[in-house]
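Chemist: Just passing along the structure, written as structure tokens.
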Amino acid sequence: MKENPKNYVSNRKFYEEIVKYRALQAEYAAANKPKPPIPNYIGECLLLIASKLSNKPNFIGYSHKEDMIADGIENCVKYLNVFDPARSQNPFAFFTQAIKNAFIRRIKTEKKQFYLKCKATQSFHLTSQLNDNTFIVEDNDSVNSYIKEYEDSLLKKKLEAAKAKEENDKQKQ
């Protein structure tokens, strides 16, 4: 039976390889050896999942796509032992969600870094003297709008957190 071409990772084989790797880890631990390297097949699956997920419409437009993929794979390697084959036989979904969370963290980090760059640019005025004339670089409207949007979203989050805390305190009383 031919597999569906949309399924670029065989969930069944991926699951079997993780089970084998977990058994190998147990053997190494019993023999007091360091952890064995992750099998190539598992690494290839993680890379395929991260690459395909980065091409989804909600992630495709970012210039730091390679960093997102690297963060996603790093997240999966970090949580490889968290996946419990006894609880679930769907490693594809588990690792896709782990990669998605890593992508979102990277996007938030990049947005914060861009905000800091914009804020620094906004507060910095380049002044130079040339023939007794002073030149000041004017603030860019797009930079100002980005800063305002970012600060508004931070304020909104703070207000929501304060409201949730207030409601939580009322429920405790």
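The values are calculated or read from the model by the stated rules, or taken from the named source; none is laboratory data. Keep in mind that what you see is a predicted model, and the values were worked out from it rather than measured. Glycine gets a Cβ as well: all are built from the backbone with ideal geometry, and neighbour counts include every protein chain shown.
Chemist: Here is a check on your reading of the model: is A50 small (G, A, S), in contact with a Cys (Cβ under 8 Å, 6 or more places away or on another chain), part of a helix (DSSP H, G or I) and under 22 Å from A102 (Cα atoms)? Show your work before the answer.
Modeler: Working: small (G, A, S): yes; in contact with a Cys (Cβ under 8 Å, 6 or more places away or on another chain): yes; part of a helix (DSSP H, G or I): yes; under 22 Å from A102 (Cα atoms): yes.
Spelling it out, A50 is indeed small (G, A, S), in contact with a Cys (Cβ under 8 Å, 6 or more places away or on another chain), part of a helix (DSSP H, G or I) and under 22 Å from A102 (Cα atoms).
Chemist: Does A102 count as within 18 Å of V9 (Cβ to Cβ) and surrounded by 14 or more Cβ atoms within 10 Å (Cβ to Cβ)?
Modeler: yes
Chemist: Kindly list, by first and then second residue, each pair from a residue in the stretch 9-32 that is in contact (Cβ under 8 Å) with a residue 24 or more places away in the chain to a residue that is loosely packed, with under 15 Cβ neighbours inside 10 Å and basic (K, R), limited to pairs with Cβ atoms under 9 Å and residues at least 6 apart or on different chains.
Modeler: What qualifies is V9/K52; Q25/K35.
Chemist: Then there is this: If you check every pair at least six apart or on different chains, which have Cβ atoms under 6 Å apart with a residue in the stretch 54-70 that is in the same structural domain as G43 (by TED's automatic domain parsing) and at pLDDT below 95 first and a residue that is acidic (D, E) and not in a loop (DSSP other than H, G, I, E, B) second?
Modeler: Going by the 6 Å Cβ cut-off, the qualifying pairs are H64/E110.
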